[in-house]
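Structure record follows, encoded as structure tokens.
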């Protein structure tokens, strides 16, 4: 199957490009960026020299002639663009009959009101919100296979939902909101220059208190209230979440362990039991590492992922594998 990437010069786009060119069943047929980008005409390997010889692929402007080329040469279109840009681009590619995998947040939420509140814009294609399949691969496989538009899950929600959905599904959560304390590396903020994300300026600090756009995404797909606080850490990549859960009265450690067995056979989930996960353990890896410790009715769940792989490009490729009827881990392990 032939794949094009729109927004290929960003961290997630470049990561996805490297996965696609190494995939046994996919061909990368084009890497596109904005016509206004200063990177047009450059090779992707010029921006990411670690991919020299692998991604000596020109970054092409997304012009009108480019749309014609994509119409003739692509089966799948991956959008690694700004949220609002994805909202505008997806309908055009869907009209061409392409399967669209959107790595932005443009189609993850269910209502225009949420986009106005959390993203700061009015969604212009609300009819597609109900049609988009949420790309959380371990939990929504059948919908992903059937949909023309896949809204790949966000990085923080990928860790949180895989850590919490087994408990919610087993009806072990008390009514109180779950508290999620999460830390991400600076690549999660994207490649665009900013003093706030400049590596020399970054100091561990929370942001987006009560207003972060991943809060409604987690709540919508968990079906439970959460209090989510993200932090920016001074390391390049990875996410570690420490999650505080109030269990129902009488829930035993055996019940918690049994609940997590729903993920035991998932090839990209590693259940660590009471062994504490780390960023080092998942950096440049496609896994979710999940661990937990219990004291009475209080449970602390820990989840770690690489934000660019399982939190973005790797999850997108996992969704593509599902669509093609391939094992989840094809092109991701080994």
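Read-outs throughout are calculated quantities, based only on the coordinates presented, and are distinct from any laboratory measurement. Predicted model only: the values in this text are computed from it and were never measured. Virtual Cβ from ideal backbone geometry, glycine too; neighbours counted across all protein chains shown.
Need one word for the stretch 186-334: rounded, prolate or oblate. Basis is the Cα gyration tensor (sqrt eigenvalues a ≥ b ≥ c); a/c below 1.5 gives rounded, then a/b vs b/c decides. If you can, show how the numbers build up before the last one.
Details: a/c = 1.76, a/b = 1.16, b/c = 1.52.
Verdict is oblate for the stretch 186-334.
Measure nothing but the geometry: give the 0 to 90° angle between the long axis through the Cα atoms of 64-73 and the longest principal axis through the Cα atoms of the chain, rounded to 10°.
Here the helix axis deviates by roughly 70 degrees.
What's the exposure ranking of 139, 292, going from fewest to most Cβ atoms within 10 Å? If you can, show how the numbers build up before the last one.
Numbers: 139 19, 292 23.
The most exposed by this proxy come first: 139, 292.
Give me the extension gain from residue 63 to residue 145: residue separation times 0.36 nm, minus the current Cα-Cα distance, reported in nm with one decimal.
Numbers: separation 82, 0.36 × 82 = 29.52 nm, distance 3.00 nm.
Going from the current span to full extension adds 26.5 nm.
Go ahead and estimate [θ] at 222 nm for the chain from helices alone: -39,500 (n - 2.57) per DSSP H run with n ≥ 4, summed, over the residue count, rounded to 500. The partial results should precede the final answer.
On the way: 10 runs with 91 residues, N = 334.
Helix-only estimate at 222 nm: -7500 deg cm²/dmol.
Could you work out how far helix 314-323 tilts from the main Cα principal axis of the chain, as a 0 to 90 degree angle to the nearest 10?
Result, in degrees: 80.
Could you list 302, 96 so that the one with the fewest beta carbons within 10 Å of its beta carbon is first and the one with the most is last? Numbers along the way, then the final one.
Details: 302 21, 96 15.
Placing the least packed residue first, the sequence is 96, 302.
Sort 23, 214 so the one with the fewest other Cβ atoms within 10 Å of its own Cβ comes first. Provide the component values of the computation, followed by the final result.
On the way: 23 20, 214 23.
Least crowded to most crowded, the residues run 23, 214.
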